[in-house]
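A.B. asks: Structure provided below as structure tokens; questions to follow.
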Amino acid sequence: DAKQHGGGTFRFFEAAANERLRSRQQTEQALRLAVQENQFVLHYQPKVSCNNGTIIGAEALIRWQHPQHGLISPAEFIQAMEESGQVVAVGRWVMHQACLQASRWHARGLGPFSVAVNLSARQLREGNLVQQVRQVLEETGLAARWLELELTESMLMEDVEETIATLGELRALGVRLSVDDFGTGYSSLSYLKRFPLDAVKVDRSFVQDIVADPNDVSITRAVITMAHALQMKVIAEGVETEAQLALLIANRCDEIQGYYFSRPVPAEEMEIMLENGKTIPEDLIHPRERKR
Ligand code: C2E
Ligand code: MG
Ligand code: MG
Ligand code: MG
């Protein structure tokens with residue numbers, strides 16, 4: 001009972017709770033306005049093939065273009081949108097916008113390549129996701145196989161039977177499914193085999209130390225080997241250096257994403273990379289043929 005700890009302590013907790021409440025209400029209100037005023041933008045980060053070095057996809061990442069505070073990272077508002085439920089409507093906008101952009105790029109002869117969208121837990125549980133995806137593909141004219149949906153391990157674990165059914169319906173549409181941030185949750189790959197998944201994204205915390213820490217090499221190699229045995233592709237996230245890339249390629253990683261190749265960029269910059277045919281240098285893709 002807070003009163004037993006003295007008035008001061010009690011008031012301290014009371015003030016903290018009020019402040020949290022106020023800032024949450026303020027955040028929610030600001031986000032409502034942001035939705036009304038279309039203050040969200042998508043940036044795109046290339047996914048690059050380790051087999052031929054070319055761009056084979058792009059992940060759409062949301063940013064909040066705030067009129068006073070500038071560009072705000074999703075880390076600062078996704079949680080609040082998830083709690084308020086706003087993430088369902090905004091997530092639909094993200095999917096529509098990303099598919100429309102990919103469809104326009106394809107129409108201009110760029111690609112074809114896939115576009116990946118991050119799903120939130122509430123999108124998976126509420127708002128008839130399968131119907132929504134079907135509609136978005138129809139509205140934008142994007143073929144289902146070019147849309148990839150990224151889910152986290154915790155989303156998969158929440159309501160396993162229902163999730164397996166929903167993912168099965170999405171897969172039947174032709175959409176591809178991947179597990180984001182793999183290794184940060186508590187699931188094993190053999191457990192993931194229960195779900196109809198196409199790819200695993202190895203979390204950047206493993207990639208980060210892969211050059212210095214032999215344990216992280218072993219973990220990554222084991223994940224790649226087992227994922228392949230289960231017919232899943234492996235994407236490494238957060239690849240920042242050539243040394244990390246070389247190690248991943250040597251261990252048969254399928255795709256990479258990270259600052260090494262490109263940061264997430266506005267659509268116009270993504271378009272320039274596509275037009276210029278930006279690739280990973282050939283001597284990194286096929287190191288044995290490197291001339292000395
Ligand atoms: P994520 O899906 O795992 O996306 C990867 C994050 O890592 C992105 O952060 C990206 O900018 C960052 N990143 C990429 N390469 C590197 C690298 O080489 N080094 C480092 N240090 N970081 C790298 P971002 O854009 O801030 O997004 C953070 C998270 O917010 C995403 O993690 C995703 O979970 C969530 N998110 C972003 N957009 C959406 C969205 O439209 N809907 C939902 N539900 N979540 C989103
Ligand atoms: Mg992601
Ligand atoms: Mg991730
Ligand atoms: Mg993440």
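Bear in mind these aren't lab numbers, they're just calculated from the coordinates by the rules spelled out. Note that the coordinates shown come from a computational prediction; the quantities given were computed from them, not determined experimentally. Positions of Cβ are backbone-derived with ideal geometry, glycine not excepted, and every protein chain shown enters the neighbour counts.
A.B. asks: Quickly work out the Asp159-to-Thr241 label distance, labels modelled 7 Å from Cα along the C-beta direction, and quote it in nm with one decimal.
C.D. replies: Each label point lies 7 Å from its Cα, and together they span 4.5 nm.
A.B. asks: Here is a further query. Check Leu177: other-chain or 5+ apart residues with amide H under 5 Å from its amide H, H built from backbone geometry?
C.D. replies: Leu149, Asp198, Ala199
A.B. asks: Of the listed pairs Lys47/Lys278; Lys47/Lys193; Lys233/Lys278, which have alpha-carbon separations greater than 19 Å here?
C.D. replies: Cα-Cα > 19 Å for Lys47/Lys193; Lys233/Lys278; rest within.
A.B. asks: Quick check: pseudo-label points 7 Å beyond the Cα along Cα→Cβ at Gln79 and Thr54, how many nm apart are they?
C.D. replies: With each label point 7 Å from Cα toward Cβ, the separation is 4.2 nm.
A.B. asks: Is there a quick way to get the dipole size of the chain? I mean about its Cα centre, with the Cβ of Lys and Arg at +1 and of Asp and Glu at -1; what is the value in debye to the nearest 20?
C.D. replies: Dipole magnitude for the chain comes out near 340 debye.
A.B. asks: Among His69, His96, what is the fewest-to-most ranking by other Cβ atoms within 10 Å?
C.D. replies: His69, His96
A.B. asks: Percent relative contact order of the chain, based on C-alpha pairs within less than 8 angstrom and at least six residues apart?
C.D. replies: Relative contact order for the chain comes out at 19 percent.
A.B. asks: Another question, then. Hey, what do the phi angles of region 63-74 turn into as Karplus ³J(HN,Hα) couplings, whole Hz, using 6.51/-1.76/1.60 and θ = phi - 60°, x for Gly and Pro?
C.D. replies: My calculation for region 63-74 gives 9, 9, 7, 7, x, 9, 8, x, 6, 10, 6, x Hz in order.
A.B. asks: Next question. Which whole-number percent gives the relative contact order of region 178-292, counting Cα pairs below 8 Å spaced six or more residues apart?
C.D. replies: Relative contact order for region 178-292 comes out at 21 percent.
A.B. asks: Quick one: length gained pulling Glu37 to Ala121 fully straight, 0.36 nm per residue minus the C-alpha distance?
C.D. replies: 27.8 nm
A.B. asks: On full extension of the chain, what length is gained from Glu282 through Arg194, given 0.36 nm per residue of separation minus the C-alpha to C-alpha distance?
C.D. replies: Result for the pair: 28.0 nm of gain on full extension.
A.B. asks: Measure out, as a whole number of angstrom, how far apart the alpha-carbon centroids of region 62-134 and region 232-290 sit.
C.D. replies: For region 62-134 versus region 232-290, the Cα centre distance is 24 Å.
A.B. asks: Per the Kirkwood definition applied to all pairs of different Cα atoms, how many angstroms is the hydrodynamic radius of region 218-273?
C.D. replies: Mean inverse Cα-Cα distance, inverted, gives 12.3 Å.
A.B. asks: Restricting things to alpha carbons, tell me how big the chain is in terms of Rg and Dmax, in Å.
C.D. replies: 21.1, 76
A.B. asks: Taking the Cβ of each residue in Ile224, Ile210 as the centre, tally the other Cβ atoms inside 10 Å and list the residues starting with the fewest.
C.D. replies: Ordered from fewest to most neighbouring Cβ atoms within 10 Å, Ile224, Ile210 come out as Ile224, Ile210.
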